[in-house]
Amino acid sequence: MGDKSSFSGNKRVQNGLLIVFEGIDGTGKTTQLRMAAEVLTAEGWAVNTTRSLGGTPVGEALRDVILSPVARPDTTDLYISAAIQEALIGAIEAQREQGNVILMDRGPLSLAAYEIFGSGLEAKLGWQHVGRGMACLKPELTIFYDVDVDDALKRVRQKPGQADYFESKPSSFFDHVNRGYHEAVKRYPDQVSTVDANRSIEAVHDESMQRIREILAKAVTFTPA
């Protein structure tokens, strides 16, 4: 998926709607996002897809840096992630003004999982950036795809091509990342919905759409004249 994609539709949401798809590498979250986008578009919703490691021109440029094997202090990744998030805040607000349903691949909780728990950075500073992201982006729904870490890593390492900076980390790194996600879910229980991703793609999709439809049912919708 590139930096973002838009799908034209007539049905829109007052103040827009942001749904974030979270989980460690190999959970299938990106596949679930694409499937949800296809369904919502077919139903006539104005849909925009984006990703937190990227999503804007500067974000995509910084994505290339953070996924590269260039040696750097772990703190650098935190500030790169925070800079990407800052650029996204304005971009998401613009999409909200158009009444779009925005589907985002990863969000603030990833910063906690990968930087605080995965890389072991100072927690207070990391949670500050997570809190800012949650407060400014205001996702109506975050879906956390919970999966067995070993199974997820098998999927990742079966992909063609060279593993990126994070994918090439040892299994212990992803154990820490997974624990980080669970801690983040505890901090935001009213905003995060956990889905068991150890099941078939279809079963996970069905549950994902159920959660999304629950949020859409509460939204004020309109059709532009």
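Please treat every number below as a calculation from the coordinates, not as lab data. Here the structure is a predicted model, which means the values were calculated and not measured. Here the Cβ is made from the backbone with ideal geometry for all residues, glycine too, and neighbour counts use every protein chain on show.
Details
- Computed FRET value (nearest 0.05) for GLN210 with ALA71, which takes r as the C-beta separation and R₀ as 41 Å: 0.40
- Student exercise, region 4-222 dipole from Lys, Arg, Asp, Glu Cβ charges, in Debye to nearest 20: 340
- In this entry, region 71-127 is assigned a mean projected area of 4.4 nm², taken as a quarter of its C-alpha convex hull surface.
- Applying 0.36 nm per residue to the separation of GLN158 and TYR79 and subtracting their alpha-carbon distance, the gain on full extension is 25.4 nm.
- Neighbours of VAL185 by Cβ distance under 12 Å: Lys/Arg scored +1, Asp/Glu scored -1, total -1.
- Protection proxy ranking of 89-98, 12-21, by the mean of other Cβ atoms within 10 Å over each peptide's residues and highest first, is 12-21, 89-98.
- Max-minus-min Cα coordinates of region 4-222 on each principal axis give 48, 36, 34 Å, with the largest extent listed first.
- Helix-only CD estimate at 222 nm, as mean residue ellipticity for the chain, using -39500 (n - 2.57) per DSSP H run (n ≥ 4): -16000 deg cm²/dmol
- Normalised by 2.2 N^0.38 Å, where N is the number of residues, the C-alpha radius of gyration of region 127-225 stands at 1.32.
- Separation in nanometres of the label points that stand 7 Å from Cα toward Cβ, at ALA225 and GLU97: 2.1
- Contact order relative to length of region 4-222, as percent, for alpha carbon pairs under 8 angstrom and 6 or more apart: 32
- In range of the label at ASP64: residues from region 70-90 whose backbone nitrogen is under 15 Å from the point 7 Å along Cα→Cβ: 70
- Region 177-220 and region 38-82 have Cα centres spaced 20 Å apart.
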